[in-house]
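Undergrad: Below you will find the structure I want to go over with you.
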C-alpha cells in the first residue's frame, strides 16, 4: 500500500534499509545466539543522524516527529528487534528531557543525544512495581544542593551501555504517586552501579540490567520539571513511546511473513508448493490483512500525534496492544507454515517469535493497555 510518505520519510526508510542490509542482516542470528550487544549498527545510525530524529533543531537534531521515529524503528525491527530496542529505548530516555527539561538541561544533554554520542535509558520499573508503577520505592532525599537516591530499578533497557538515565524516584513517599519526581542520573555518578546483564528469551542483542542506587548523590540541577511531577513525566513519555513498540511489532511481523511465505512458495509437498493449499494461503492472507491493519493504525496515530494532539493515551495504547498481539500471532503462524524448519535456530522465524513476545509485556503489558483503552472510552462515549 501507498501510505503517502513524503520525500524525507522515503529517504529515511531507504537509509535504514541500507544500514540493515550492511550492518545487521549478516549478523543478527549470530548476535542472538551469543547474546551479544554489537555497537556497529548503533554507530552507523549515529553517523546517519538517526538519533536526532525527535530532537529539536535548535539542539542539533532533525526536529522530525513520531511518524519518522516509527518508520525508523519499524524498518530496523525488520532486521533485528534487539537492535531496534537499543535504539528506541534511547528515545524513551530522551523524551523526558525534550518535554520537561529546562533550557540548561536541554542545551547540555540534547546535542549529545542527537549525535548518538550518549545513549539514554528510562528507569521506572522496580522489583515490586511493574504494572503497578505507582508502587515504586526508590527515594530521592534533598540534602542542600544535592539529591541522594536509594533504591533498585529492574529490567532497564540499555542499562550499563547508556550514559544518561532518567530515573523516577519518590521525593515525598507520604504522598504516594504525587510524591514522585524525575531525575537525570549519569553513568559514573557516585553510588550508582549497574547489575548483571539479564538472560532473556528474546531481544537478546539488547542489554537489560538492574540499576542500584546506594546513596547516589546528584546535583539538584538534575531534577526534571518540579518535585511531584515524576509520574506526569513518566505517563507522557510512555504515551509517546508506545507507538515505538507498535512499530517494532509491524517490522517483526512483516519479516516473519516474508520469510515463511518464501518457504511456503518453494516447499513441495504432494506434488505442489504448500502455498497452493488453501489452509496455507488463507493463513498468509490473514497475516497480510492483520499486518496492514497494524501499520495503518500505527501511521494514523503517529500522524495524529504529529498534528499536535493533546490527548492520545487511548490511541497509543491501541497501537501498542493491537500491533503487538498481531506480531505474536503472525510469528507463531510463520513457524507453523515452515514446519520443522521454523522451529530450528538456524532460521530467523523462531527469533521473530521470541522477540515478539516481549512486546506484549514491556512499556505496559497489553492487559494494562486494555485498561487504558477502556478508561479512555468513557471520556468520549459516556
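Undergrad: Taking only DSSP H segments of four or more residues, each worth -39500 (n - 2.57), what value at 222 nm results for the chain once the sum is divided by all its residues, to the nearest 500 deg cm²/dmol?
TA: Counting only the DSSP helices, I get -17000 deg cm²/dmol.
Undergrad: How are the alpha carbon pair distances in the stretch 17-73 distributed across 10 Å bins from zero to the largest one, expressed in percent?
TA: 22, 43, 27, 8, 0
Undergrad: Let me know the volume per residue of the alpha-carbon convex hull for the stretch 218-282, in Å³.
TA: That works out to 123 Å³ per residue.
Undergrad: Next question, about the same structure. With 10 angstrom as the radius, rank 286, 355, 189 by how many other C-beta atoms surround their C-beta, starting from the fewest.
TA: 286, 189, 355
Undergrad: What's the Cα-based Rg to Rh of the stretch 308-379, Rh via Kirkwood?
TA: My calculation puts Rg/Rh at 1.15.
Undergrad: Using Cα centres only, tell me the gap between the stretch 16-65 and the stretch 142-214 in whole Å.
TA: 24
Undergrad: How much of the pair distance distribution for the stretch 121-162 lies past 11 Å, counting alpha-carbon pairs only, in percent?
TA: Of the Cα pairs, 67 percent sit more than 11 Å apart.
Undergrad: Still on this structure, I have one more. With no solvent and one equal point scatterer per Cα, compute the Debye intensity ratio I(q)/I(0) for the stretch 177-323 at 0.10, 0.13, 0.14, 0.17 Å⁻¹ and report its log10, rounded to two decimals.
TA: -0.60, -0.85, -0.92, -1.10
Undergrad: Subtracting the Cα-Cα distance from 0.36 nm times the residue separation, let me have the gained length for residue 199 to residue 175 in nm, one decimal.
TA: Once the chain is fully extended between residue 199 and residue 175, it gains 5.1 nm.
Undergrad: Also: Average projected area of the Cα convex hull of the stretch 7-119, in nm²?
TA: 6.5
Undergrad: Stokes-Einstein diffusion coefficient for the stretch 261-382 at 25 °C in a medium of 0.890 mPa s, Rh from the Kirkwood formula over Cα pairs: what value in µm²/s?
TA: 151
Undergrad: Sticking with this one: Give me the percent of Cα-Cα pairs in the stretch 340-382 that sit more than 18 Å apart, rounded to a whole number.
TA: Within the stretch 340-382, distances greater than 18 Å cover 52 percent of Cα pairs.
Undergrad: Rank the residues 243, 321 as a footprinting-exposure proxy: fewest other Cβ atoms within 10 Å of their Cβ go first.
TA: Fewest-to-most ranking of 243, 321: 321, 243.
Undergrad: Between the stretch 349-374 and the stretch 261-284, how far is it from one alpha carbon centroid to the other, in angstrom?
TA: One Cα centre to the other: 29 Å.
Undergrad: Set the Förster radius R0 to 35 Å, insert the Cβ-Cβ distance between residue 307 and residue 220 as r into 1/(1 + (r/R0)^6), and round the FRET efficiency to 0.05.
TA: 0.45
Undergrad: At a Förster radius of 22 Å, what calculated FRET efficiency corresponds to the Cβ-Cβ distance of residue 277 and residue 329, to the nearest 0.05?
TA: FRET efficiency, residue 277 to residue 329: 0.65.
Undergrad: Further question on the same structure: With equal scatterers on the alpha carbons only and no solvent term, can you work out the Debye log10 of I(q)/I(0) for the stretch 86-150 at 0.19, 0.27 1/Å?
TA: For the requested q values the scattering log ratios are -0.93, -1.08.
Undergrad: Just 246, 364, 159 to compare: in a GNM of the chain, with alpha carbon springs under 10 Å, which one fluctuates most?
TA: Top of the fluctuation ranking is 364.
Undergrad: Order 67-73, 309-315 from most to least packed using the mean count of other Cβ atoms within 10 Å.
TA: 67-73, 309-315
Undergrad: Please find the FRET efficiency linking residue 266 to residue 300, where r is the Cβ-Cβ separation and R0 is fixed at 35 Å, and quote it to the nearest 0.05.
TA: Taking R0 as 35 Å, the efficiency between residue 266 and residue 300 is 0.50.
Undergrad: To continue, here is another question. Under the √(5λ) rule applied to the eigenvalues of the Cα gyration tensor, what semi-axes describe the equivalent ellipsoid of the chain? Give them in Å, descending.
TA: The answer is 37, 21, 20 Å, longest axis first.
Undergrad: Take the stretch 131-234, compute every pairwise Cα distance, and split them into 10 Å bins from 0; I just need the percent in each bin.
TA: 16, 47, 30, 7, 0
None of the figures in this text is laboratory data; all of them are computed from the coordinates on show. Small disclaimer: the values here were computed from a predicted structure and weren't measured. Ideal geometry is used to build each Cβ from the backbone, glycine not excepted, and the neighbour counts take in all protein chains shown.
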